[in-house]
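K.L.:
Can you read through this structure? Questions will come right after.
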């Protein structure tokens, strides 16, 4: 428990540091928590630590492949712990990391699974994150209408949460979808229908509390990255409205983030704004150079979104300058890149299938161990020779019975085979074993379903009669003795005769198991001496 409490404290501090952009310190604390979880064998702590590390890699360090792998491992551990909420959050991070790597199908698959898991949970962060991840995945696949629907679903769920969750990040993400849609419309020469949506989403974001202290982070590190995205969205909106002054002001803020938040994707954002400002001023050569730098930064960050947008912008600007061959070559380069990305995505799907097969094998192993454990427990409670319950089983059962309430006090009959040593000496131990088996079968035939016959040791048996009363118990014992006398023992060995001595006692109020057995034992020896 101390290890878990220490790990939880480390992870809470790691998330706080991640949200103010202190990536290195956050990762160090999360790795300490992971180490503690591994040492103690605590799978839940390991999963939480991996999820925190994955978020830091995704949102702060630009380590998309590391984020992808860590989130996948976290989801599997949460699934093994049967923690649907944690699994859903890990799948959300996995989906977003997949989009950064250009693995669109994998991203949609993880996001949809997160949505399904979230449906079984009350409205909360997990459901919001799941629809948010689905929106990011649809955005990555350029399905902008589906992306907006997913984000709108996330907003609706956020408002049903208790207390309601802040929707600022969702509005910014919808603005980014509108931005990508507008860039695509411009490249294809279509009417600019996305700009009004961009303006509306930025207005909605502006009307939502959006200071850092007013927000609840959707995931560790998301607050710091969110400020960059919001600034980028506002900057591009000003550029497309030809508001050069405001666009330049937002670009300056982006340059400040680039200095304090040294990530290639932030640099790609800066170059995108530079390109759009230059395009707004009619400086096509400068815009093209900035677009090429944007694409290069996307390559460096391995951020497929910036690579696609950058290459498409390069192609558009080359076309605007009448250099159609170069415009076509930019698109061909993007196509080659997308084919290679698809190939890597398929290879990764094969890796995921391997993970799933390993998980299925693990489940089978756990199930087999559980069955084996149950079988061993049953064997530990059963006498191997007669297949009757053994002394351990009998005593556990009787102790539980004495702790409860009964309509009538239980009765206990101790049974001993008369002169059993002589049976072994005169007829062999094999015949002795056959006698014990026959007695066990006679016991089974003379008890009710609620009664319990058992073998204590050697030639000693016991019969527990529940809710019978002493008179009824005496009748059962008399019928048992008569059946033993009537049994054809000669079938086991010529001339063999077997008898039993039996001591019966009814439990007295408050009497212990030991005292009850002593009285039954004493009664049995009185019967034996009377023979």
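The values are calculated or read from the model by the stated rules, or taken from the named source; none is laboratory data. All values derive from a computational prediction rather than experimental measurement. Neighbour counts are summed over all protein chains in view; Cβ atoms, including those assigned to glycine, are modelled from backbone coordinates with ideal geometry.
K.L.:
Out of (1) surrounded by 15 or more Cβ atoms within 10 Å (Cβ to Cβ); (2) under 19 Å from residue 502 (Cβ atoms); (3) in contact with a helix residue (DSSP H, G or I) (Cβ under 9 Å, 6 or more places away or on another chain), the odd one out for residue 458 is which?
P.N.:
Exception for residue 458: condition (1).
K.L.:
Another question, if that's okay. For the range 285-306, which positions are touching a helix residue (DSSP H, G or I) at 6+ places or on another chain (Cβ under 6 Å), in contact (Cβ under 8 Å) with a residue 40 or more places away in the chain and assigned to a helix (DSSP H, G or I)?
P.N.:
Selection gives 301, 306.
K.L.:
Does residue 258 meet the test of being within 40 Å of the chain's Cα centre (by Cα) and part of a helix (DSSP H, G or I)?
P.N.:
Yes: the conditions hold for residue 258.
K.L.:
Can you tell which of 495, 471, 458 is closer than 27 Å to residue 381 by Cβ and out of contact with any strand residue (DSSP E or B) (no Cβ under 7 Å at 6 or more places or on another chain)?
P.N.:
After ruling out the rest, the residue left standing is 458.
K.L.:
Quick one: is residue 223 assigned by TED's automatic domain parsing to the domain that holds residue 125 and either part of a loop (DSSP other than H, G, I, E, B) or at pLDDT below 90 (or both)?
P.N.:
So residue 223 fits the description; yes.
K.L.:
Please specify each residue of the range 162-190 satisfying the condition of being in contact with a helix residue (DSSP H, G or I) (Cβ under 7 Å, 6 or more places away or on another chain) and farther than 19 Å from residue 231 by Cβ.
P.N.:
164, 165, 181, 185, 186, 187
K.L.:
Determine if the range 272-282 includes at least one residue that is surrounded by fewer than 23 Cβ atoms within 10 Å (Cβ to Cβ) and out of contact with any helix residue (DSSP H, G or I) (no Cβ under 6 Å at 6 or more places or on another chain).
P.N.:
Within the range 272-282, one or more residues are surrounded by fewer than 23 Cβ atoms within 10 Å (Cβ to Cβ) and out of contact with any helix residue (DSSP H, G or I) (no Cβ under 6 Å at 6 or more places or on another chain).
K.L.:
Among (1) at pLDDT 90 or above; (2) over 19 Å from residue 135 (Cα atoms), where does residue 93 come up short?
P.N.:
(2)
K.L.:
Only one residue in 138, 133, 111 is in contact (Cβ under 8 Å) with a residue 40 or more places away in the chain, assigned by TED's automatic domain parsing to the domain that holds residue 153, assigned to a helix (DSSP H, G or I) and crowded, with 20+ Cβ neighbours inside 10 Å, so which one is that?
P.N.:
Step by step, each of 138, 133, 111 is checked, and only 133 is in contact (Cβ under 8 Å) with a residue 40 or more places away in the chain, assigned by TED's automatic domain parsing to the domain that holds residue 153, assigned to a helix (DSSP H, G or I) and crowded, with 20+ Cβ neighbours inside 10 Å.
K.L.:
Further question on the same structure: Determine which single condition residue 497 fails, assuming it passes every other condition in (1) surrounded by fewer than 14 Cβ atoms within 10 Å (Cβ to Cβ); (2) over 17 Å from residue 421 (Cβ atoms); (3) in contact with a helix residue (DSSP H, G or I) (Cβ under 8 Å, 6 or more places away or on another chain).
P.N.:
Condition (2) is where residue 497 drops out.
K.L.:
Moving to a separate point now. Consider residue 180 carefully, then state whether it is in contact (Cβ under 8 Å) with a residue 60 or more places away in the chain and surrounded by fewer than 24 Cβ atoms within 10 Å (Cβ to Cβ).
P.N.:
yes
K.L.:
A further question follows. Residue check: is residue 156 in the same structural domain as residue 313 (by TED's automatic domain parsing), within 20 Å of residue 307 (Cα to Cα) and at pLDDT 90 or above?
P.N.:
no
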